[in-house]
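Here's the structure, in structure tokens; my notes come after.
The values are calculated or read from the model by the stated rules, or taken from the named source; none is laboratory data. What you see is a predicted model; the values in this text were computed from it and never measured. Note that each Cβ is placed from the backbone with ideal geometry, even for glycine, and that neighbours are counted across all protein chains shown. Accessible surface is based on the protein model in full, side chains and every heavy atom, while ligands, DNA and RNA are left aside. Shrake-Rupley method; radii C 1.70, N 1.55, O 1.52, S 1.80 Å.
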Amino acid sequence: MSASDRFTPDNSPAEPPVTSGVWMARGARAAVSIPAFILTAAFVGYAGLARETGLTLAETLAMTGFVWALPSIVVLTGAISSGMGLIPAAIAVALASVRLMPMTMALMPIIKVPGKTKTWQLLLASHFVAVTAWVFAMKNLPDMPREGRLPFFLGFGGAVTSFVFCMTGVSYLLVESMPGMVAGALFLLTPVYFLCSLWGAARLNADRAAMVAGLLLGPVFFAYLPGLDLLWTGLVGGSLAYLVTRIVRRGLR
Amino acid sequence: MGGTTGTLLLETWWPFVMILVAGWLATDVWRWLGVLAGGRLREDGELLIWVRCVATALVAGVISKLILFPQGVLAETPLWLRLAAAAVGFAAFFAARQRVFVGVLAAEVFLIAGWLGVDAVAG
């Protein structure tokens, strides 16, 4: 391997005086933003939901930190509360998280310095890929010098995650002493947040059809096939939406 | 190891096993695959469209369950109020050119106002 292949962020000779640390700090500062605020509110709502579901503080925080994708976290919470087994729960969460793969794939060519960035650094950074950080990164990173993008993204993702992590813990502890109505309003925050952001993230008619199908089929499967209802909702509703919109798109081929 | 100690241990640790395997692994594996696949898969390919449909429907199922069958204090509110609040929020989201913040705020304001109204009528 040549010398240029080594990761030397702080003392590359031809580098302008902006170091990785500075980029990271800039990323962290950029984290003070409206999307991050909305995400925090959504997690505050989730803390209330987790507490009502019977999760402990440690479990709630472990989920926030390890999973770091609110839809998957909410699915897993539902799975734990309904006593779902490990394998069905893993399948449900995996199905809810598949979208992270194309998202990460789309981010990779933007964030890496070809021939310089190590795969393990990207694997580490990929943990921050979730709707909020991803939308922000896709929009803002292309305007930055290539060298600064990965540290900037790490600073942004790290700051958002740490802040949300702390706020989730604080609100978990506070929700007990909240008036019932405020707590109730918090529980509604999660579904409404998803209702709006899921629609906003939809790019094709297939996505929108799948959303409508899921909304309608969710309660039906919950009534008739409790336990595995989420899996069935996803597979049946999603496949139905895909097939119908595919036929509309390109006919019976 | 005594039976009760074993059960207790399992009860304490089982949720964390769930979180690590069914949560962390089941989620991060897609991020890792995304890094490793890095642009080799077409984002608008038919397979990925179907995959996105399944994921979207699954999460939408969670949404409607949270609104129709909530847990805790929210379960005390009438179903029509929760549905109306969600509908108002979604409508406001559209009216505000798809700004999530506006949608969430509108739904919350409607819920609280309606809740106070229901309480006032009942009390």
**Study point:** For chain B, size of Cβ-based charge dipole, Lys and Arg +1, Asp and Glu -1, in debye
**Key:** 340 debye
Point to revise | All-pairs Cα distance distribution in segment A:21-191, expressed in whole percent, bin size 5 Å | key: 1, 8, 17, 19, 18, 14, 11, 7, 3, 1, 0, 0
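First check a/c for segment A:81-176, with a ≥ b ≥ c the square roots of the eigenvalues of its C-alpha gyration tensor; if it is under 1.5, answer rounded, and if not, answer prolate when a/b is larger than b/c or oblate otherwise.
Working: a/c = 2.65, a/b = 1.50, b/c = 1.77.
Cα axes put segment A:81-176 in the oblate bin.
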Check your understanding: What is the Å³ per residue value for the convex hull set by the Cα atoms of the protein assembly as shown?
Key -> 177 Å³
Point to revise | chain A: relative contact order in percent, alpha carbon pairs under 8 Å with at least 6 residues between | key: 30 percent
Point to revise | Relative contact order [Cα under 8 Å, 6+ residues apart], chain B, whole percent | key: 13 percent
Exercise for review: With only Lys, Arg, Asp and Glu charged, each at its Cβ (+1 for the first two, -1 for the last two), find how big the charge dipole of chain A is about the Cα centre; round to the nearest 20 debye.
Suggested key: 920 debye
Revision key, fill the gap. With every protein chain kept in place and a 1.4 Å probe, chain A has an accessible area per residue in Å² of 43 Å²
Revision key, fill the gap. Checked segment B:71-123 with the C-alpha gyration tensor, a ≥ b ≥ c its square-rooted eigenvalues, rounded below a/c of 1.5, otherwise prolate if a/b is larger than b/c and oblate if not; verdict prolate
Review point. If you average 1/r over all unlike Cα pairs in segment A:140-203 and invert the result, what Kirkwood radius do you get in angstrom?
Key: 14.8 Å
Exercise for review: Compare the Cα positions of A:P145, B:W14, A:L39 along the charge dipole of the protein assembly as shown (+1 at Cβ of Lys, Arg; -1 at Cβ of Asp, Glu; about the Cα centre) and return the one farthest towards the positive end.
Suggested key: A:P145
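I'd like the trypsin sites (Lys or Arg not before Pro) in segment A:122-230 restricted to DSSP loop residues with at most 15 other Cβ atoms within 10 Å, sorted by number.
Details: sites: A:K139, A:R146, A:R149, A:R203, A:R208; in loops: A:R203.
Passing both the DSSP loop test and the Cβ count: A:R203.
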Revision key, fill the gap. In terms of the alpha carbon gyration tensor, root eigenvalues a ≥ b ≥ c, rounded if a/c is under 1.5 and otherwise prolate when a/b exceeds b/c or oblate, chain B is oblate
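In whole percent, how big is the carbon plus sulfur part of the accessible area of segment A:21-191, probe 1.4 Å, protein atoms only? Present the calculation step by step, with values, prior to reporting the outcome.
On the way: 4560 of 6170 Å².
Accessible surface attributable to carbon and sulfur in segment A:21-191 totals 74 percent.
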Practice item. Could you pull out every whole DSSP H run in chain A that spans at least 24 Å of Cα extent along its own axis and averages 1.6 or higher on the Kyte-Doolittle scale? Key: A:180-201
Study note, to complete from the structure: Highest GNM mean-square fluctuation among B:L48, B:L25, B:L83, for chain B with Cα springs under 10 Å, belongs to B:L25
Check your understanding: Which one of B:W115, A:G27, B:A84 is farthest out on the positive end of the charge dipole of the protein assembly as shown, using unit charges on Cβ (Lys, Arg +1; Asp, Glu -1) and the Cα centre as origin?
Key -> A:G27
Check your understanding: All other residues with a Cβ under 15 Å from the Cβ of A:P35 taken together, and with Lys, Arg as +1 and Asp, Glu as -1, what is their net charge?
Key -> +3
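Using the Cα atoms as the points, what is the convex hull volume per residue of segment A:186-253 in Å³? Can you show the working numbers first?
Numbers: hull volume 5.9 nm³, N = 68.
Given the Cα convex hull of segment A:186-253, per-residue volume reads 86 Å³.
Between chains B and A, what is the buried accessible area summed over both chains (1.4 Å probe, protein heavy atoms, nearest 100 Å²)?
On the way: alone 10040 and 14390 Å², together 17330 Å².
Protein heavy atoms only, the B-A interface buries about 7100 Å².
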Exercise for review: Could you let me know the centre-to-centre spacing of segment B:46-123 and segment A:129-181, using Cα atoms, in angstrom?
Suggested key: 23 Å
